[in-house]
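Comments concern the structure below.
The values are calculated or read from the model by the stated rules, or taken from the named source; none is laboratory data. This structure is a prediction, so every number in the text was calculated from the model and none was measured. Quick reminder, even Gly has a Cβ in these numbers, built from the backbone with ideal geometry, and neighbours come from all protein chains shown. Surface accessibility is based on the protein's heavy atoms, side chains included, excluding ligands, DNA and RNA. Shrake-Rupley method; radii C 1.70, N 1.55, O 1.52, S 1.80 Å.
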Amino acid sequence: MSLRTFLLKMEEKGDVLHINEKVSRSFEISYIIKAFDAEGPILMFENVEATKTKIVANVCGARRRICEALSIKPEGLYQRLLEAWRNPQKPKIVEDGAIKEVIEKPDLLRIPILTHFERDAGPYITSAVVHAKSLDGTTENVSIHRLQLLDRRHLAIRLVPRHLYKLWQMAKEAEVDLDVAISIGVHPAVMLAASSPVPLGVNEFEVANTLLGGKLQLVKCRYVDAYAPADAELVLEGRISASKEVSEGPLVDITGTYDIERKQPVVEIVNAMHRRDYIYQALLPSGTEHRLLMGLPYEAAIYEAVSKVVPKVKAVNLSVGGGGWLHAIISIEKQLDGDGKNALLAAFAAHPSLKHAVVVDSDIDVFKIADVEWAIATRFQAAEDLLIIENVRGSTLDSSANQETGLTSKMGLDATKPLTKPKEKFERARIPASKRVEELTRKMLGH
Ligand code: MN
């Protein structure tokens, strides 16, 4: 249940593209990842300038692949995630694993860390899964953080005020550094679990273990009190400084704009472990993979929350245009007028960063934006169906939100058919066709 076993499985399905041409880790690789962005294959860069290490990218860059990783059909994805959040199971702690093939003094400059965008502050690790414990050992947390390369032994870590930030604050009050295990190159289930909106106190490694059917194994780090998957590709043991901060950023974030420069803590790296021929995992900021990893767990959260207020939710899409984060389209089977607005309120509560949401009937495909626009064009009346909420906490990833306070305005559109008006007026006209003409047309279109 490692990244490697998953890559083998995808290789057999023909979903890995090997790139043998020599490419540079500065811009060239990120440019190629972007070119393959829309639900494209896994990319394996075999020949990276100035290193023998291979780089893999776009691992979780397609919905179908994430479903493959969890061995489920797309329609079962949300249920599977929700079940795992409710039933976290302790992974087995083992003494040894492939990660311990090489244990050495760390030298971050030897890792092929990518520089992604023109005005980024420099090379950034963007796929790292970070594990830490509270000082009293009662709370464990796993989350994904961007890490800026500073020198051979130091990274800057971006701590959004969430769980790891909280653990770091607690350590800071006690005037001690916070031990962390930084794992790179892990199974997609671990990445998804680490991106899940479970409350503080739930160890995301336990969620990952449930997603993997109890097959996740962890090793304890050698010099710090933290854990890492026994079959990861590369693990950096480090300590987040209680006192040392540096200027971190800018770096492109999920919306494809540059996140600002801020004072963020320094991580001192004290040890490195890796497989002998470790593969470095890259992840393009603002790419499909970034959107899916951040957004899919919130689609599940929205699905669950809206399911509690309306009889049936058909589908949820945190759309590409909304950066997979700020825009949701939700299709429901509505029973009463007003269901649409309740669905909107539930969606905003389930995903605090959500800014604009559209609720449509179940005959609209939430993944076809022209369909959604059509529903707004023909079923929506601004004076009645528009919901605006002012001065509410949103996301600073939205450049138009207040960058200090995160306050924003939210908008919901109830684009479901009103039940008070004649149904026929809203019916989408179809042309009856025989099997023969359907088949004939498919052939003409070359499908
Ligand atoms: Mn957490």
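Some points to look at:
- For a paramagnetic label modelled on residue 393 (point 7 Å from Cα along Cα→Cβ), amide N atoms under 16 Å away belong, within the range 331-374, to 348-355.
- ³J(HN,Hα), Karplus 6.51/-1.76/1.60, whole Hz, each residue of the range 225-242, x for Gly, Pro: 8, 7, 10, 9, x, 5, 10, 5, 7, 8, 10, 10, 8, x, 9, 7, 5, 7
- In a reduced charge model with +1 at each Lys and Arg Cβ and -1 at each Asp and Glu Cβ, the chain shows a dipole moment near 800 debye about its Cα centre.
- Nearest-20 debye value, the range 289-426 charge dipole, Cβ charges on Lys, Arg, Asp, Glu: 180 debye
- Contour excess over end-to-end distance, with Cα ends at residue 9 and residue 307 and 0.36 nm allotted per residue: 103.9 nm
- With all protein chains in place and ligands, DNA and RNA left out, the 1.4 Å accessible area ranks 96, 363 as 96, 363, largest first.
- FRET efficiency for residue 378 and residue 403, using Cβ-Cβ distance with R0 set to 41 Å, rounded to 0.05: 0.65
- A simple spin-label model places pseudo-atoms 7 Å from Cα toward Cβ; at residue 151 and residue 90 they are separated by 4.2 nm.
- Accessible surface ranking that places the most exposed of 351, 447, 154 first, with a 1.4 angstrom probe: 447, 154, 351
- Calculated P(r) of the chain - Cα pairs past 33 Å, %: 38 percent
- Amide H to amide H, with H built 1.01 Å from N, residue 145 comes under 5 Å of 128, 130, counting only residues 5 or more places away or on other chains.
- Of the solvent-accessible surface of the range 289-426, computed with a 1.4 Å probe and all protein chains present, 54% belongs to carbon and sulfur.
- 3J(HN,Hα) from dihedral phi, the range 289-297, Karplus parametrisation 6.51/-1.76/1.60, rounded to Hz, x for glycine, proline: 4, 4, 5, 5, 5, 6, x, 3, x
- Area of residue 396 that stays accessible when all protein chains are in place (1.4 Å probe, Å², to 10): 50 Å²
- J(HN,Hα) series, the range 399-405, from Karplus relation 6.51 cos²θ - 1.76 cosθ + 1.60, nearest Hz, glycine and proline x: 4, 8, 7, 4, 6, 8, 8
- Working note: Debye formula, equal point scatterers on the alpha-carbon atoms of the range 90-154, no solvent; log10 I(q)/I(0) at q = 0.28 Å⁻¹ is -1.22.
- Compared with the direct C-alpha span, the chain from residue 223 to residue 27 gains 67.1 nm at full extension, assuming 0.36 nm per residue.
- Under the shape rule built on the C-alpha gyration tensor, where the axes satisfy a ≥ b ≥ c, the range 1-57 is oblate, since a/c reaches at least 1.5 while a/b does not exceed b/c.
- Accessible surface comparison of 442, 158, probe 1.4 Å, protein chains only, largest first: the order is 442, 158.
- If R0 is 30 Å, the Cβ-Cβ spacing of residue 335 and residue 73 corresponds to a FRET efficiency of close to 0.65.
- Calculated FRET efficiency for the pair residue 243/residue 200, C-beta based, R₀ 22 Å, to 0.05: 0.40
- Enclosed volume per residue, in Å³, of the convex hull spanned by Cα atoms of the range 297-352: 65 Å³
- Per residue accessible area of the range 289-426, 1.4 Å probe, in Å²: 46 Å²
- Length-normalised contact order of the range 289-426 in % [C-alpha pairs under 8 Å, at least 6 apart]: 22 percent
- Relative compactness, the range 289-426, computed as alpha-carbon Rg over 2.2 N^0.38 Å: 1.00
- More than 21 Å apart - percent of Cα-Cα pairs taken over the range 166-238: 30 percent
- Positive-end residue of 67, 121, 142, charge dipole of the range 48-162 with Cβ unit charges: 67
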